[in-house]
Amino acid sequence: MSGLARRHAQALLSALGLLGNPTPPEDHPALAWRRAGLMGVSGHPDGPGLVPPVALTSAADGALAALRALAPAEKLPERGSSLLGERARLLGLRRGGRESANRSCRLITTRSGDVALNLARPDDWDLLPALFEEDGLADWSAVERLAALRDREELVARGRLLGLPIAIDETPAAPAMPFTLNQLAAPRARFGTPMAVDLSSLWAGPLAGELLAAAGARVVKVESLHRPDGARAGHPRFFDLMNAGKSCIALDFHDADDLMLLRALLERADIVIEGSRPRALAQLGIDAEGIASGGATWVSITAYGRDGEAADRIGFGDDAAVAGGLASAMARGWGEPIFAGDAIADPLTGITAALVAWAGWRSGGACLASVPLSRVVAHACSLYEAGSDELNRWQAMAEADAAPLYPLRTSVRRACEAGADNDQLGAFVRA
């Protein structure tokens, strides 16, 4: 296992066309998993915390080390693996076996295999009668009863049409890289401090923006005036960790003047981070390819990608991790598909997206990157997988480890209220 994170960092830099000397910490994947606090959210509630057979912590450490090699800023975290367990430790989440740590997602059994269904939003429950063609679905036991009578592919196809986050438990083909990067025009000369516009919400995108701010970028968080980032209603310390280093603007996306200001801001940005389906951007009159062609590095974080049918599919960290093969890896290692970590696709993707964004800016921009949650997990799972005997040794190592957990980061200030920096919008547009 020696050097896995470093080799991963070097491979990422090479794929981005850049050189660097990444020096990630090299804790063994099993030890890093325990020290990140992830044993507490992996396994059954009445059983021991489990180590996954795949080296997810090495993927996180390698990606962050690659970013540190390009932007050696003191404010960047030392190790990516420590970011994987932050939310679970702050919120006091616990392992749930076939339930996600936050209890919004479940692995449920159909006639032809397991699916992950994530009812993360209140409106998702309202869609269940249409999914199962039956009324009165008020709890998970009813969902599981009806799912057992359905064919998996048919249920997932119907759920996707309804806009539900639902995924097949499978092992996808391993992608060569966790992202795709398309150069749309000639790179431009870069200078000064990059300005990044963060249109994302929840976890993956905001983490990417936070890491860019730590790397030295000026980050402007843009929210809908009427539907601000849903994470604002969550744990305040976690929200501060993701957003405290950003200016905050709130705009009315139904107002023509505000949309004009938004497009002007995007056209001045060096980096754009967003987590919307391409169709939603188009409805706002935002042309991602056009803005990227003008010189920006546009980083799109979706569940499954921007192309074809995948572009309209909804997904969150837990169900996307299942789609990326993590539950299947747990089944190979521990005998059944269960969740590992807390919405682990989100922090893995956030770190990767920050690296791609900074690398794109360093190289002159004019590019569009796609960093899908499921693809990031699939790639991370492919780096290394322990066999049965080796996994037992990993588990014993973790259980015997008495080192302290990695320190939790703290934010020295609070995140701004939505729209707190609206009066500076003109300055941002003219920057």
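One residue stands out among those in segment 328-351 that are assigned to a helix (DSSP H, G or I) and of a type in the set (D, E, K, R): the one that is surrounded by the most Cβ atoms within 10 Å (Cβ to Cβ), which is 346.
Counting only strands (runs of 3 or more DSSP E) wholly contained in segment 156-212, the ones carrying 1 or more residues that are modelled with pLDDT of 95 or more and small (Gly, Ala, Ser) occupy 166-168, 195-198. Listed by first and then second residue, the pairs linking a residue in segment 329-345 that is closer than 16 Å to residue 99 by Cα to a residue that is surrounded by fewer than 24 Cβ atoms within 10 Å (Cβ to Cβ) and hydroxyl-bearing (Ser, Thr, Tyr), with Cβ atoms under 7 Å apart and 6 or more places separating them unless they lie on different chains, are 337/328. Is it the case, given these coordinates, that residue 197 is among the β-branched types (Val, Ile, Thr), more than 30 Å from residue 407 (Cβ to Cβ) and surrounded by 20 or more Cβ atoms within 10 Å (Cβ to Cβ)? It is true that residue 197 is among the β-branched types (Val, Ile, Thr), more than 30 Å from residue 407 (Cβ to Cβ) and surrounded by 20 or more Cβ atoms within 10 Å (Cβ to Cβ). Restricting 401, 389, 423 to those that are acidic (Asp, Glu), at negative phi and touching a residue at least 60 places away in the same chain (Cβ under 8 Å) reduces the list to 401. Report yes if some residue within segment 68-77 is over 22 Å from residue 337 (Cβ atoms), of a type in the set (Lys, Arg) and either touching a residue at least 12 places away in the same chain (Cβ under 8 Å) or out of contact with any Asp or Glu (no Cβ under 6 Å at 6 or more places or on another chain) (or both); otherwise report no. Yes - at least one qualifying residue is present in segment 68-77. Scanning segment 294-342 for residues being more than 24 Å from residue 113 (Cβ to Cβ) and touching a Phe, Trp or Tyr at 6+ places or on another chain (Cβ under 9 Å) gives a total of 4. Here is the figure for segment 1-35: residues that are in a loop (DSSP other than H, G, I, E, B) and farther than 15 Å from residue 399 by Cβ total 15. Candidates 184, 164: the one that is touching a residue at least 40 places away in the same chain (Cβ under 8 Å), touching an Asp or Glu at 6+ places or on another chain (Cβ under 7 Å) and buried (at least 19 other Cβ atoms within 10 Å of the Cβ) is 164.
Scanning segment 142-155 for residues that are surrounded by fewer than 19 Cβ atoms within 10 Å (Cβ to Cβ) and in a helix (DSSP H, G or I) yields 142, 144, 145, 146, 153, 154. For residue 56, are the conditions met, namely being hydrophobic (A, V, I, L, M, F, W, C), modelled with pLDDT of 95 or more and surrounded by 24 or more Cβ atoms within 10 Å (Cβ to Cβ)? It is true that residue 56 is hydrophobic (A, V, I, L, M, F, W, C), modelled with pLDDT of 95 or more and surrounded by 24 or more Cβ atoms within 10 Å (Cβ to Cβ).
The values are calculated or read from the model by the stated rules, or taken from the named source; none is laboratory data. Because the structure is predicted, anything quoted here is derived from the model rather than measured. FYI the Cβ positions are ideal-geometry reconstructions off the backbone, even for glycines, and counts take in every protein chain you see.
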